[in-house]
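Chemist: Pasting a structure below so you can have a look.
The values are calculated or read from the model by the stated rules, or taken from the named source; none is laboratory data. Not measured: the values here are computed from a predicted model. So basically every Cβ, Gly included, is an ideal-geometry build from the backbone, and we count neighbours across all protein chains shown. Remember, those area values only see protein heavy atoms, side chains included, never the ligands or the DNA or RNA. Shrake-Rupley method; radii C 1.70, N 1.55, O 1.52, S 1.80 Å.
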Amino acid sequence: MSYFEVKGVTKKFGGLTAVDNLTFTVEQGEIFGIIGPNGSGKTTLFNVINNFYPPTAGEIYFKGKRIDGLPTHEICKLGIGRTFQVVKPLRRMTVLENVMAGAFLRTASTSRARARALEVLDFCSLAHRKDVPAKALPIADRKRLEIARALATNPELLLLDETAAGLNPKETEEAMAIIQKICKAGITIIIVEHVMKVIMGISHRILAINFGREIARGTPQEIARHPEVIKAYLGEAYA
Amino acid sequence: MRKLSWLPLAIGALVALLLPMGLSVPYHQHILVMVLVWATLGTAWNLLGGYTGQVSFGHAAFFGLGAYAAGLLVHHLQASPWWGMLLGPVVATLFALPIGLICFRLRGPYFALAMLALGEIFRLVFTNWVSFTNGARGILILASFTSKLPYYYMALAMFAASVYVVYRLVNSKWGYYFVAIREDQDAAEALGIPSTRYKMYALLPSAALTGLAGAFYMNYVAFIDPHVVFSLGDISVMVILVVMMGGAATIWGPAVGAAIYVALSEMFRAQWGAASVLLFGILVCLVIMFLPNGVIGELDTLRRFLRRLREGYAGGKKGELLRG
Ligand SMILES: Nc1ncnc2c1ncn2[C@@H]1O[C@H](COP(=O)(O)OP(=O)(O)OP(=O)(O)O)[C@@H](O)[C@H]1O
Ligand SMILES: [Mg+2]
């Protein structure tokens with residue numbers, strides 16, 4: 001039994017097959033990368049995993065328990081957190097309140113939720129922003145808030161959707177450091193990323209998809225050399 | 001989410017307790033009672049519409065149910081209408097339950113529309129079901145007191161209770177969840193927040209407090225008919241305007257909005273009749289343009305504006321000043 005398992009998952013939007021019969025497993029403690037060109041179905045896969053929409057076909061298991069079809073909030077409660085590529089800050093709440101909204105999943109006490117949120121903000125180097133309304137944050141901090149808020153729910157498995165997109169090189173370094181710190185804290189990570197430096201640098205294994213289908217999988221080195229991957233990213237001529 | 005500060009609260013409570021004794025004209029006391037009724041209504045609506053972002057266009061349904069719960073107790077059972085203060089909230093809550101269960105599962109403006117329809121349905125049913133409700137002739141009861149003072153203190157207690165309930169709720173886990181749902185339901189769900197359930201947690205107390213205000217209203221004015229207590233324009237929409245005026249998702253905003261609304265409508269009703277409502281509508285539009293978060297929501301903006309006025313600062317257009 002694998003820690004996390006996606007079995008033959010397909011998601012269709014009308015005639016468009018966004019995710020096409022994907023099967024993969026993720027082991028506890030690893031950083032599992034997913035890459036693919038724009039529109040290849042990465043975000044849709046995350047949306048299916050946390051059941052923003054149910055899969056058209058297939059099954060998803062987390063620690064042996066079937067989770068597809070469970071309500072989104074239940075999936076989070078089971079220990080699967082996620083961030084959003086298009087960030088979703090709770091705009092009129094402060095940074096601290098945003099993170100507290102996550103922390104309340106594991107406690108009903110306001111003071112304990114606040115303590116947990118401050119801890120997480122510290123972990124993500126966002127504590128100095130705690131009283132800023134989320135809508136006033138620059139993009140780098142919004143991305144970080146996404147991570148902090150998801151961490152506050154105490155996930156065992158964290159889905160990160162393009163947390164480095166739109167960051168400058170220094171911010172990207174910091175984001176990578178945070179992700180590695182999360183992994184060291186014992187949290188399993190599935191990460192979707194366009195920034196090759198990030199995904200190649202931190203993933204243990206990578207799945208490459210195009211048009212919703214698997215085109216390659218393996219270690220970062222194997223993926224970087226894989227002809228299908230090169231073709232998908234650079235076009236036929238380079239393969 | 002701001003904490004209440006105790007000194008202003010104590011002073012406010014003292015003023016509220018002594019105020020009606022200073023006013024010997026019953027009409028002035030009446031105005032205060034109506035402010036408190038509207039403040040309670042606004043506070044109740046605000047929990048659901050302001051904090052949780054579930055805008056209801058039909059809170060008259062709960063108000064009317066509360067009022068009729070009290071009135072019909074007298075009409076059919078010759079019981080004391082004060083039992084309505086218990087029955088009203090219960091009946092309003094019982095009706096709110098299925099509405100929420102059905103509408104909150106759906107995305108989009110279903111809840112707002114369903115509530116709008118509900119208020120109108122109740123108005124029609126209570127107008128036409130003459131054998132049970134006495135129809136358009138309404139319900140007339142004997143008022144318990146001739147003095148306004150007991151009503152004033154009861155209304156004050158009712159308002160204080162509603163503020164207390166809403167304050168406690170919004171400063172707890174529930175409040176964070178309410179606001180999270182308002183700000184982004186998808187993000188909230190992804191944080192493990194069961195949004196449907198928490199919308200119910202906001203709707204039920206909101207309906208109960210609105211039903212309470214309705215039951216009190218029956219006792220106070222001693223006469224109701226369906227067109228008054230189930231009114232779309234005069235109750236359902238007006239409570240929204242009152243909250244927007246004072247400041248949605250603020251603790252004292254609804255009370256401030258209620259004071260402005262009642263004061264304006266009493267001042268101008270004599271000369272202008274129904275046009276006084278129009279005046280309030282225009283004022284609300286102005287407030288939303290210049291103080292999008294309502295009077296209480298933009299206290300800082302107002303303070304800055306007043307300071308600059310005092311300092312004789314004259315440059316710039318008015319709008320810019322207000323936004324300062
Ligand atoms: N809710 C939806 N309804 C219809 N089509 C959708 C929906 N969500 C995604 N799609 C389509 O599914 C395909 C996959 O989109 P998805 O967002 O998953 O891609 P992605 O790999 O995350 O791309 P990017 O790298 O740009 O983030 C796209 O063609 C997209 O237009
Ligand atoms: Mg995407």
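Chemist: Which numbered condition trips up A:Pro89, out of (1) within 9 Å of ligand 1 (Cβ to nearest atom); (2) open to solvent by less than 20 Å² (accessible area, probe 1.4 Å); (3) facing another protein chain (nearest Cβ under 9 Å)?
Modeler: (1) is the only condition that A:Pro89 fails.
Chemist: Something else about it: Return the total of residues in the stretch A:108-125 being within 12 Å of another protein chain (Cβ to nearest Cβ) and farther than 24 Å from A:Met176 by Cβ. So that I can check it myself, show each step before the final result.
Modeler: Start the filter on the stretch A:108-125 by keeping residues that are within 12 Å of another protein chain (Cβ to nearest Cβ), which leaves A:108-114, A:117.
Within this subset, residues satisfying the condition of being farther than 24 Å from A:Met176 by Cβ are A:108-114.
So the count comes out to 7.
Chemist: Hey, another quick one. Would you say A:Ala136 is closer than 23 Å to A:Val48 by Cα, of a type in the set (Gly, Ala, Ser) and either away from ligand 2 (no atom under 16 Å from the Cβ) or surrounded by fewer than 20 Cβ atoms within 10 Å (Cβ to Cβ) (or both)?
Modeler: Values: closer than 23 Å to A:Val48 by Cα: no; of a type in the set (Gly, Ala, Ser): yes; either away from ligand 2 (no atom under 16 Å from the Cβ) or surrounded by fewer than 20 Cβ atoms within 10 Å (Cβ to Cβ) (or both): yes.
Taking the combined requirement at face value, the residue does not satisfy it.
Chemist: Which residue, of B:Ala190, B:Ala161, B:Ala136, B:Ala202, is away from chain A (no Cβ under 13 Å) and surrounded by 15 or more Cβ atoms within 10 Å (Cβ to Cβ)? Show your work before the answer.
Modeler: Working: B:Ala190 fails: away from chain A (no Cβ under 13 Å); B:Ala161 fails: surrounded by 15 or more Cβ atoms within 10 Å (Cβ to Cβ); B:Ala136 fails: surrounded by 15 or more Cβ atoms within 10 Å (Cβ to Cβ).
B:Ala202 is the lone residue from the list that is away from chain A (no Cβ under 13 Å) and surrounded by 15 or more Cβ atoms within 10 Å (Cβ to Cβ).
Chemist: Report yes if A:Thr83 is in contact with a helix residue (DSSP H, G or I) (Cβ under 7 Å, 6 or more places away or on another chain), within 14 Å of chain B (Cβ to nearest Cβ) and within 19 Å of B:Tyr177 (Cβ to Cβ), otherwise no.
Modeler: Values: in contact with a helix residue (DSSP H, G or I) (Cβ under 7 Å, 6 or more places away or on another chain): yes; within 14 Å of chain B (Cβ to nearest Cβ): yes; within 19 Å of B:Tyr177 (Cβ to Cβ): no.
For A:Thr83, the condition - in contact with a helix residue (DSSP H, G or I) (Cβ under 7 Å, 6 or more places away or on another chain), within 14 Å of chain B (Cβ to nearest Cβ) and within 19 Å of B:Tyr177 (Cβ to Cβ) - is not met.
Chemist: On the given criteria, is A:Glu162 within 30 Å of A:Leu96 (Cα to Cα), within 16 Å of ligand 1 (Cβ to nearest atom), of a type outside the set (A, V, I, L, M) and at pLDDT below 95? Steps first, answer last, please.
Modeler: Working: within 30 Å of A:Leu96 (Cα to Cα): yes; within 16 Å of ligand 1 (Cβ to nearest atom): yes; of a type outside the set (A, V, I, L, M): yes; at pLDDT below 95: yes.
The answer is yes for A:Glu162.
Chemist: Please report, ordered by residue number, the helices (runs of 4 or more DSSP H) entirely within the stretch B:78-136 with at least 2 residues that are closer than 13 Å to B:Tyr68 by Cβ and of a type in the set (Gly, Ala, Ser).
Modeler: Numbers: elements: B:84-103, B:110-128, B:130-133.
Correct list: B:84-103.
Chemist: Out of A:Lys12, A:Lys77, A:Lys42, A:Lys65, which single residue is within 12 Å of chain B (Cβ to nearest Cβ) and either touching a Leu at 6+ places or on another chain (Cβ under 7 Å) or touching a residue at least 12 places away in the same chain (Cβ under 8 Å) (or both)? Write out each step before concluding.
Modeler: Numbers: A:Lys12 fails: within 12 Å of chain B (Cβ to nearest Cβ); A:Lys42 fails: within 12 Å of chain B (Cβ to nearest Cβ); A:Lys65 fails: within 12 Å of chain B (Cβ to nearest Cβ).
After applying the criteria, what remains is A:Lys77.
Chemist: Take the stretch B:26-61 and flag every residue that is within 21 Å of B:Ile121 (Cβ to Cβ), assigned to a helix (DSSP H, G or I) and within 11 Å of the chain's Cα centre (by Cα). Break it down stepwise before answering.
Modeler: Step one: filter the stretch B:26-61 for residues within 21 Å of B:Ile121 (Cβ to Cβ), giving B:41, B:44-45, B:48-49, B:54-61.
Adding the requirement that they be assigned to a helix (DSSP H, G or I) leaves B:41, B:44-45, B:48-49, B:60-61.
Passing the criteria: B:Leu41, B:Ala44, B:Trp45, B:Leu48, B:Gly49, B:Ala60.
Chemist: Pick out, from the stretch A:1-117, the helices (runs of 4 or more DSSP H) lying fully within it that include 2 or more residues that are assigned by TED's automatic domain parsing to the domain that holds A:Arg217 and more than 16 Å from ligand 2 (Cβ to nearest atom).
Modeler: Working: elements: A:42-49, A:72-78, A:95-103.
Where helices (runs of 4 or more DSSP H) fall fully within the stretch A:1-117 and carry at least 2 residues being assigned by TED's automatic domain parsing to the domain that holds A:Arg217 and more than 16 Å from ligand 2 (Cβ to nearest atom), they are A:72-78.
Chemist: Sticking with this one: Condition first: open to solvent by 10 Å² or more (accessible area, probe 1.4 Å) and more than 9 Å from ligand 1 (Cβ to nearest atom). Now tell me which residues in the stretch A:13-44 satisfy that.
Modeler: Once the filter is applied, which keeps residues that are open to solvent by 10 Å² or more (accessible area, probe 1.4 Å) and more than 9 Å from ligand 1 (Cβ to nearest atom), the stretch A:13-44 yields A:Gly15, A:Asp20, A:Asn21, A:Thr23, A:Thr25, A:Glu27, A:Gln28, A:Gly29, A:Glu30.
Chemist: While we're here: Can you name the helices (runs of 4 or more DSSP H) wholly within the stretch A:182-239 that have at least 2 residues being more than 30 Å from A:Ser125 (Cα to Cα) and in the same structural domain as A:Thr23 (by TED's automatic domain parsing)? Outline the logic, then answer.
Modeler: Details: elements: A:196-202, A:220-225, A:227-234.
The qualifying helices (runs of 4 or more DSSP H) are A:220-225, A:227-234.
Chemist: Going through the stretch A:45-56 one residue at a time, which ones are within 12 Å of chain B (Cβ to nearest Cβ), in contact with a helix residue (DSSP H, G or I) (Cβ under 7 Å, 6 or more places away or on another chain) and either open to solvent by 20 Å² or more (accessible area, probe 1.4 Å) or of a type in the set (Phe, Trp, Tyr) (or both)? I'd like the intermediate steps shown before the answer.
Modeler: Filtering the stretch A:45-56 down to residues within 12 Å of chain B (Cβ to nearest Cβ) leaves A:46-47, A:49-53.
Next cut, in contact with a helix residue (DSSP H, G or I) (Cβ under 7 Å, 6 or more places away or on another chain) only: A:50-53.
Within the stretch A:45-56, A:Asn51, A:Phe52, A:Tyr53 qualify.
The rows are residues; the columns are (1) closer than 15 Å to B:Ala44 by Cα; (2) modelled with pLDDT of 95 or more; (3) in a helix (DSSP H, G or I).
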| residue | (1), (2), (3) |
| --- | --- |
| B:Tyr177 | no, yes, yes |
| B:Ala188 | no, yes, yes |
| B:Ile193 | no, yes, no |
| B:Tyr198 | no, yes, yes |
| B:Leu203 | yes, yes, yes |
| B:Ser206 | yes, yes, yes |
| B:Ala215 | yes, yes, yes |
